[in-house]
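Structure, as structure tokens:
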Amino acid sequence: MTILVSGGAGFIGGNFVLDWLRQGDERVINLDKLTYAGNLDTLRGLNGDNRHVFVHGDIGDRGLVDTLLATHQPRAVINFAAESHVDRSIHGPGDFIQTNVVGTFNLLEAVRGHWDGLPGDEKPAFRFLHVSTDEVYGTLSKDDAPFNELNRYEPNSPYSASKAASDHLVRAWHHTYGLPVLTTNCSNNYGPYHFPEKLIPLVILNALSGKNLPIYGDGQQIRDWLYVRDHCSAIRRVLEAGRVGETYNVGGWNEKPNLDVVHTICAILDELRPKADGTRYRDQIAFVKDRPGHDRRYAIDARKLERELGWKPEETFETGIRKTIEWYLGNQDWVQNVTSGAYREWVGKQYEVQL
Ligand code: NAD
Ligand code: TYD
């Protein structure tokens with residue numbers, strides 16, 4: 001048996017592939033375009049492991065995806081590939097439309113073509129699992145109930161609008177063509193192998209290198225934080241037992257204002273890696289100009305996933321953030337490769353397109 005994962009050199013996809021192959025031997029075809037966010041160093045431990053086949057390519061490349069599906073006959077496709085950073089989407093939304101909307105459309109069409117041709121007994125067993133975000137639901141005020149699966153879509157950033165569009169396409173491909181899809185909408189992930197443009201890895205690495213810790217606006221924006229390996233276990237569970245055509249919200253039950261997140265990171269670093277000059281990491285905090293259109297609060301009601309599929313996160317924010325910081329402290333090679341840009345030299349050097 002085989003699964004096809006797209007975006008498996010990114011943060012969540014990379015963790016998913018590593019976790020998947022830790023749990024079993026089912027082969028993974030990993031299709032990734034290796035944008036700035038794709039990092040083969042994350043998958044270094046799989047070099048020479050024939051359960052993992054890396055393919056450098058675009059989900060929007062219909063010919064390539066057709067060939068991959070025909071050659072490897074995966075029983076499921078899990079779509080992680082996306083442009084994922086809100087700030088980048090504000091500066092340049094075009095890539096977000098291209099990958100998240102047009103790319104998802106092309107991927108769905110290729111998958112539909114493949115699925116149409118499957119023998120009768122394989123068709124209902126096939127799955128297309130689309131990984132999406134809570135940001136499609138827009139923003140909450142302090143006292144609003146957390147997002148559940150019935151909330152209206154009200155995306156506010158180019159990123160969330162492009163993800164919302166992709167969710168709608170996935171839904172339509174189920175309702176119109178019968179494609180057996182599943183969608184997950186999760187909150188902010190954190191954990192190992194996270195590219196340091198996002199808040200948590202940025203703050204850890206900036207703190208250690210003596211730089212400012214930039215807090216947008218008043219730092220009172222609230223996010224729900226989900227440890228990435230909990231997210232991976234939720235996806236495995238939805239793939240295994242989710243009801244076709246349904247969406248499942250995935251959250252960590254860990255709502256925190258950004259400033260509290262940064263204070264927690266600083267306190268753990270003070271303990272694990274005290275500064276030589278006796279100052280505290282929180283002294284490096286700098287309040288900077290707010291993000292335009294910044295959503296105030298995200299919160300996830302993940303009870304459907306618990307009720308129907310028995311999934312609950314294992315980590316609290318306190319346990320997960322400590323593990324994350326310890327990982328960054330203990331994996332300086334990975335960090336150096338990312339911060340120096342050396343990870344990009346892996347492209348075309350360590351791996352070749354394999355069909
Ligand atoms: P990421 O930016 O770290 O990784 C994205 C990966 O997709 C990269 O490896 C990149 O090279 C690849 N990619 C980009 N465009 C591609 C294309 N056209 N074809 C093939 N590969 C392409 O993102 P992530 O944080 O790992 O997020 C994975 C998914 O989860 C995304 O769909 C994102 O919207 C969603 N999500 C992420 C978070 C989060 O907190 N990180 C939260 C909710 C949802
Ligand atoms: P981010 O990690 O970019 O995720 P998202 O925007 O998808 O939630 O940001 C998390 C929160 O942290 C968000 O409210 C923006 C804020 N933030 C900062 O205050 N400073 C920063 O340097 C970054 C990158 C984010």
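Read-outs throughout are calculated quantities, based only on the coordinates presented, and are distinct from any laboratory measurement. Please read these numbers as outputs of a predicted model, since none were measured by experiment. Cβ sites come from the backbone with ideal geometry, for glycine too, and all protein chains shown count toward neighbours.
Brief remarks on what is shown
- For HIS114, the shell of other residues with beta-carbons less than 12 Å away shows a net charge of 0, using +1 for Lys and Arg and -1 for Asp and Glu.
- Under a 5 Å amide H cut-off, with hydrogens placed 1.01 Å from N, ILE78 pairs with LEU4, VAL5, SER6, LEU129 among residues at least 5 apart or on other chains.
- The count of lysine pairs in the chain whose Cα atoms are under 15 Å apart, excluding pairs fewer than 8 places apart on the same chain, comes to 4.
- Nearest-0.05 FRET efficiency for ASP87 and GLN332, computed from C-beta distance (R0 30 Å): 0.70
- Value of Rg to Rh for the range 185-263 (Rh from inverse mean 1/r over Cα pairs, i.e. Kirkwood): 1.07
- Here the extension length gained between ALA342 and GLU314 equals 6.7 nm, from 0.36 nm per residue of separation less the Cα-Cα distance.
- Simple Cβ-charge dipole of the range 219-355, Lys/Arg +1 and Asp/Glu -1, about Cα centre, in debye nearest 20: 240 debye
- For the range 306-312, backbone phi angles converted through the Karplus equation (6.51, -1.76, 1.60; θ = phi - 60°) give residue-by-residue couplings of 6, 5, 7, 10, x, 8, 9 Hz, Gly and Pro being listed as x.
- Estimated FRET transfer efficiency when R0 is 25 angstrom, pair ASP290-GLU154 (beta carbons, to 0.05): 0.80
- Each Cα pair of the range 115-259 feeds into the Kirkwood radius, which the Stokes-Einstein equation turns, at 10 °C and 1.306 mPa s, into a diffusion coefficient of 93 µm²/s.
- Highest-MSF residue in the chain out of THR183, THR264, THR99 [GNM, Cα springs under 10 Å]: THR264
- The rule of thumb for compact globular proteins, 2.2 N^0.38 Å, goes into the C-alpha radius of gyration of the chain 0.97 times.
- Check: the chain dipole with +1 on Lys, Arg Cβ and -1 on Asp, Glu Cβ, in debye: 120 debye
- When both the range 245-280 and the range 102-178 are represented by their alpha-carbon centers, they are found 30 Å apart.
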